[in-house]
Amino acid sequence: MSVVIKTVNLTKRYGTLVALSNLNLEINAGDCFGFIGPNGAGKSTTIKILATLLQPTWGEARVCDYVVGYQSRQIRPLIGFVPDYFGAYEDMVVQEYLEFFAAAYNINGANRNKIVNDVLELTDLGYKRDALVDGLSRGMKQRLSIARVLLHDPKVLLLDEPAGNLDPRARIEMRELLKELRRMGKTIMISSHILPELQDLCNTVGIIEQGELIYAGPWADIVKRARGGMVLHVTVADNPAAAGALLAQNPGIESVNPNNGFLEVSLKEGVTDYSFVPQQLVGAGFKLMMLREEEVNLETAFMRLTKGMVQ
Amino acid sequence: MLGVADYFWRLLPANPILRRVVETGGKRRRDLFIRCGYLGFLIGVVIFSLISSNSSFGSMSLDQLAKVSAQLFRTTSYWQLGLVAFLAPVFTAGAITQEKDSQTYDILLATPLTNAQIVLGSLLSRLFFVVTLLISGIPVFSITQVFGGVAISAIAYSFAIAAATAFVTGAIAMAIAVFKVGTRRTIFSFYLFITVYVAGLWMLDTLDYFHPALADGTRSTTSWFTGIHPFLALRVIFNEKAHIPPDVLALPSNLQRWPLGWYFSSPQTFYVAFMFTLSFVLVSPSIVFLRRLAQSSNTLRSWVLQKLRITKGDKSRKPRAVWSNPIAWREAKTKASAARASILRYVFIAAGVIGALVLCWMYSTTYEPDRYVLLPDSYDADNNTLTMFGRNDLPARMPRDTMVQYKEPGQEKRDMGLASLARGKYQVVGQPAYEPNPRGARVNTIASITLAPLDRRVSADDARKFLLGMIAIEFAVILLIVTNAAASTVTREKEDGSLDLLLATPITSRYYIWGKLRGLVSFVLPLAAVPIASILMFVLYDLYRAASGQSFDWIVFPESLLILPGTIVVVVAFAAILGMQMSLRCRRTVMAVMSSVGIVLGVCVGLALCGYNVVDSRGLGQVGLVFGSFSPFTLMTLLVNPRGYANEQFGFNASDPSSVATARMLVFVFGWAATGAYTMLVWAMYKSMVKNFDMTIRKQSR
């Protein structure tokens, strides 16, 4: 599988502030890479560098084997960049907005009309072609942004917070649109704070904090890595405190904490067979009402792997 | 009672908005620099004035010292007022809009602060800076007291006029923001309005028509504009003979009543009182309607535009075709089609064309004289009698030896029989001389009579003067418009984030800048055509007169139609590229607009001053025309009204017409040379901007 985006020791400084520090990243063709991290972690800076808008202080960033800075002109037709804001143009209607950017990608004549119509159809914006861009809702504007970057059929989409501030319906519609784009074979790099949606959309993720990449790889692996010791949720009919004290004595158990009506039982690292827990409780005469393994998702993995440090 | 005192205490001294600015404003480094710059400039003006007085103070009499002091006061006062007029819009334009921009406006409205506290707090906090600037200038003015010759009351008036100007500017800014007529970018419209208002009224003030006749038959030194024009009102306080206002009792009885009597006899006090009252009138509705207007979703501007059917207020319209260069398309179409810009353009074009038509009409038509001779109907050759029309005079007898003289404007009288005069209407100059009336004679006998062509409504000299004034104002407005459009072109894209979208496309810096320039030129070309059309009207009229065999003297030399378009376009391109340069370097639109307008004004005024001085210099003779041609406004003057400013170099008074031809040739050749030189300068600036574009933009990226 060919590598589409590659950064080697990518570093960006703003004066004394280190926004990115030795970022090493590889994204393969067709991947949907979710870029997550706290505010100010360096996500937007990375995306802006890849979009040729910023020059790295040192290190190298490559898009489709072209080096950012030296071969930016070759990179620009290959990428579609959606920033975390909507670049509005006053007094332009939707069709003019798209035609404007089509012309910027040197798409002219009858071909331009056809492409604009196709993109409007794909993003379900056809009925809004005469609407003033300024008057569109936030969700519509985001759709229009996506429509804009599809005009020149780029290989790589760089999306910075595309679902930020969207209402639930618009967010779901945006997710479906991105899934469709992924099916079309686009390589997508997306930064977002809405982790469940990234989990649904992306096959790989990267976690960045204070400009440093903590982890990058398939999201299933990150969950495994974050898992550490398994956590069980246990509910008994009577006397949960006594049940907790009983379990705490078991050498396979790290800790037991009461939590909102149930017991949160943390197993020691490496312990994967927890059949002893119900046996012990039932054997001691406790009436077991519920036993389940705590689900480890991207959100919990993120919380476990990051320290909440902001620059 | 205590409640009222508490209200006023909270309204001003304890107003949190005002206190915040007063407490922190003095500490800001930017404000310190502006204050130092302002003061440094005034001190520079003083030093320059003292040096240019060209005398040694040791050898001066007290009277001479007083004259130098008066001159110093005059110069400094003009500059002070000019600077206040320039700086006040900058500081007051953001009174409310800055709160809106930083999204603190809604928070303020949600607090228990009253409307009056918010409006007055915002207004006074903005004016605080201008007032401190004025106060910092007091020591400079006190220098005049060392030499004498300037009354303290005159200094007080000078400051009061400047302060009143600042207050009314602030009140207008506040009303614009509260009534949602414009945005922070309205600052530019301020400048446009101030320029046209100040220059236009100053020009109109030179017409006798606006100076009412006094009881003794002379014209008043003050006009209908003196009391509402800052510079004309300021001129009154200098105690110059030509501008001392008339006494109330000298005014005709219908103008002696209040407030007209006050207006004409003391325009400086009227100006101060009127502007402060106007400020109050403008601020009052803002106080009353602040919260109500904040709740309204529609702006006053869009409401007015909808009522005028300029926009429908729709959220949609038919798409227009986008050019293959999208940057040029956007610059030309979206700017020009924006409702406000459309109105501005139409108003400008209509005002320019109507102004030129009216001037041309006034020049081409004549006054109906009191008494006139209409040939051949007036003269009855069979009976040797002459009928003069207009006053019901009885026909007079004209013996064959009656002296009939003819006088053309600017020429000596010459003997000319009635038979030699072409058919037409002539005015009778003065009183005809009658022979002593023999007793019993029923008809007067004319001994001599002088006839002259009818007076035009506007004389040729006045027509040139007004045409020059008109196209100079138009040119200045065009420069302001293009400078503003260019200065905001990149910063606005930076502010709304659309620049990043463009930079991520394959558009190159050369393509981007060229597109911007092309769009700006398309946007401004219809405006630039207005002064050229004005000149064309007069040239066509002169050509018509030439074709119909009338004697004529060119109002404007026709070669100006070959030189001025090039000059205007290249100077406009210079302003555009300079504005873009500043737009690239500055982060904020207001800063970019301010600095570019300042530079363009500085360059044009500087070049104009140098140009006029060089042309005026007797030692240089016609060489002065060569150098003068390199200053755009001087070149315009040399082409449109050389009689008014370069009479000697053109040799209009000399009997040898070849000197006029030489001067015209010199201006023609070096006018084009100047255009070529400016074109090269613009090209060099363009190349440098293309080269440094990426570097400049990336430096600002965050």
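FYI, it's all coordinate maths here, none of it is from the lab. Just so it is clear, the structure is predicted and the values come from calculations on it, not from any experiment. With ideal geometry, Cβ positions are generated from the backbone for all residues, glycine too; neighbour counts draw on all protein chains shown.
Data for the structure
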| read-out | value |
| --- | --- |
| Net charge dipole size for the range B:465-542 [Lys, Arg +1 and Asp, Glu -1 on Cβ; Debye, nearest 20] | 160 |
| By average C-beta atoms within 10 angstrom, highest first, the peptides B:573-579, A:160-166, B:390-396 | B:573-579, A:160-166, B:390-396 |
| In the range B:171-272, trypsin sites (Lys or Arg not before Pro) in a DSSP loop with at most 16 other beta-carbon atoms within 10 Å | B:ARG257 |
| FRET efficiency, B:ILE354 to A:TYR70 (Cβ-Cβ, R0 51 Å, nearest 0.05) | 0.30 |
| Where labels lie 7 Å past Cα in the beta-carbon direction, separation of B:SER253 and B:VAL690 in nm | 7.6 |
| A:GLU294/A:ASP134 FRET efficiency (R0 45 Å; Cβ-Cβ; nearest 0.05) | 0.45 |
| Dimensionless Rg ratio for chain A, taking C-alpha atoms and the 2.2 N^0.38 Å reference | 1.25 |
| Neighbour count of at most 13 Cβ within 10 Å plus DSSP loop: longest GluC sites (Glu not before Pro)-free window in chain B | B:413-702 |
| Among the listed pairs B:LYS333/B:LYS687; B:LYS318/B:LYS691; A:LYS141/B:LYS691; A:LYS141/B:LYS687; A:LYS48/A:LYS128, those beyond 31 Å (Cα-Cα) | B:LYS318/B:LYS691; A:LYS141/B:LYS691; A:LYS141/B:LYS687 |
| Relative contact order (%) - chain B, alpha-carbon pairs under 8 angstrom, separation at least six | 10 |
| Counting DSSP beta bridges with both ends in the protein assembly as shown, the antiparallel % (nearest 5) | 70 |
| Cross-link partners of B:LYS241 among lysines (Cα-Cα below 18 Å; sequence separation of 8 or more within a chain) | B:LYS67 |
| Cα centroid of the range A:1-47 to Cα centroid of the range A:248-301, whole Å | 38 |
| Anchor A:LYS186: lysines whose Cα lies under 18 Å away (excluding residues fewer than 8 positions away in-chain) | A:LYS6, A:LYS155 |
| Mean separation of Cα contacts under 8 Å, 6 or more apart, over the residue count of the range A:212-311: relative contact order % | 38 |
| Chain A: angle of helix A:109-122 to the longest principal axis, Cα-based, in degrees nearest 10 | 20 |
| Distance between modelled label sites at A:ASP153 and B:MET680, nm, 7 Å Cα→Cβ extension | 5.0 |
| Residue-averaged [θ]222 nm for chain A, counting only DSSP H segments that reach four residues, each worth -39500 (n - 2.57) | -10000 deg cm²/dmol |
| Three-way shape label, the range A:233-285, alpha-carbon gyration tensor, a/c 1.5 | oblate |
| Projected area, mean over directions - the range A:1-53, Cα convex hull, nm² | 4.0 |
| Helix-only mean residue ellipticity at 222 nm for chain B, each DSSP H run of n ≥ 4 adding -39500 (n - 2.57), per residue, nearest 500 | -21500 deg cm²/dmol |
| Cα gyration tensor shape of the protein assembly as shown, rounded if a/c is under 1.5, else prolate or oblate by comparing a/b with b/c | prolate |
| Shape category assigned to the range A:65-110 from the gyration tensor of Cα positions, a/c cut at 1.5 | oblate |
| √(5λ) per eigenvalue of the Cα gyration tensor, chain B, largest first, Å | 52, 34, 27 |
| Backbone N within the range A:53-86 under 12 Å of label point (7 Å from B:THR508 Cα along the Cβ vector) | A:73-74 |
| Signed unit charges on C-beta, dipole axis of the protein assembly as shown, positive-most listed residue B:LEU638, B:ILE176, B:SER69 | B:ILE176 |
| Kirkwood-Stokes translational diffusion coefficient of the range A:117-190, alpha-carbon pairs, 37 °C, 0.692 mPa s, µm²/s | 260 |
| Cleavage-rule hits (GluC sites (Glu not before Pro)) in the range A:254-311: DSSP loop, at most 15 neighbouring Cβ within 10 angstrom | A:GLU269, A:GLU294, A:GLU295 |
| Partner chain coverage, peptide A:48-54 - average Cβ within 10 angstrom | 4 |
